[in-house]
Amino acid sequence: MKLIIAAIKPFKLEEVREALTAIGVRGMMVTEIKGFGSQSGHTEIYRGAEYAVNFVPKVKLEIVVPAQLADEVVETILKSAKTDKIGDGKIFVLDVAQAVRVRTGETNDDAL
Ligand SMILES: Nc1ncnc2c1ncn2[C@@H]1O[C@H](COP(=O)(O)OP(=O)(O)OP(=O)(O)O)[C@@H](O)[C@H]1O
Ligand SMILES: [Mg+2]
């Protein structure tokens, strides 16, 4: 199993969710976050040593899928979250050791 973590623009959430459910994604976690990427919002040197950073609102998706679906999930997020402007987001893929469905005790791919 793989965990895909994606930070996207908030107004893209519904489009991304629809595209992901269309390829078979059956669950995800969604969190409103703030963050910064390579532009750092605007990064300024403050009092010589400190940095004041402007955080930008994003939505974080956490999606666990069978390993063979991970590439398609990444491609689907790429297509549906893209506006071609800065701040379109970032995607990370991690390995997942275990998944359990609480109601049934099913594990791993069966629990997704
Ligand atoms: N290295 C990182 N680690 C963790 N989260 C990150 C990282 N880079 C970006 N993010 C998250 O992704 C969000 C969007 O980043 P963003 O799209 O601005 O990346 P970028 O590298 O600046 O690309 P772009 O040049 O297209 O803006 C950030 O607000 C932050 O939440
Ligand atoms: Mg950026």
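The values are calculated or read from the model by the stated rules, or taken from the named source; none is laboratory data. Keep in mind that what you see is a predicted model, and the values were worked out from it rather than measured. Cβ coordinates were reconstructed from backbone atoms using ideal geometry, including for glycine residues, and neighbour counts include every protein chain displayed. For the accessible areas, the whole protein counts, side chains as well, though only heavy atoms, and no ligand, DNA or RNA atoms are used. Shrake-Rupley method; radii C 1.70, N 1.55, O 1.52, S 1.80 Å.
Structure values in brief
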read-out: Extension reserve of the PHE55-ARG101 stretch, reckoned as 0.36 nm per residue once the Cα distance is removed; value: 13.0 nm
read-out: Crossing angle, helix 13-22 versus the chain [Cα axis fit, 0-90 degrees, rounded to tens]; value: 30
read-out: Residue-count net charge about VAL59 - beta-carbon cut-off 9 Å; Lys, Arg +1, Asp, Glu -1; value: +3
read-out: Solvent-accessible area per residue, Å², over the chain with all protein chains present [probe radius 1.4 Å]; value: 68
read-out: Contour minus Cα-Cα distance for ILE33 and LYS82 (0.36 nm per residue); value: 15.8 nm
read-out: Ranked order, SER38, SER80 - accessible area, probe 1.4 Å, largest first; value: SER38, SER80
read-out: Relative contact order (%) - criterion: Cα under 8 Å, at least six apart; region: the chain; value: 42
read-out: Rounded to 10°, Cα long-axis angle of helix 70-81 versus longest principal axis of the chain; value: 50
read-out: Value of relative contact order over the range 50-112, rounded to a whole percent, pairs C-alpha under 8 Å and six or more apart; value: 28
read-out: Virtual spin-label span in nm between GLU75 and GLU14, 7 Å along Cα→Cβ; value: 2.7
read-out: Mean residue ellipticity (222 nm) of the chain, computed from DSSP H runs ≥ 4 via -39,500 (n - 2.57), nearest 500; value: -6000 deg cm²/dmol
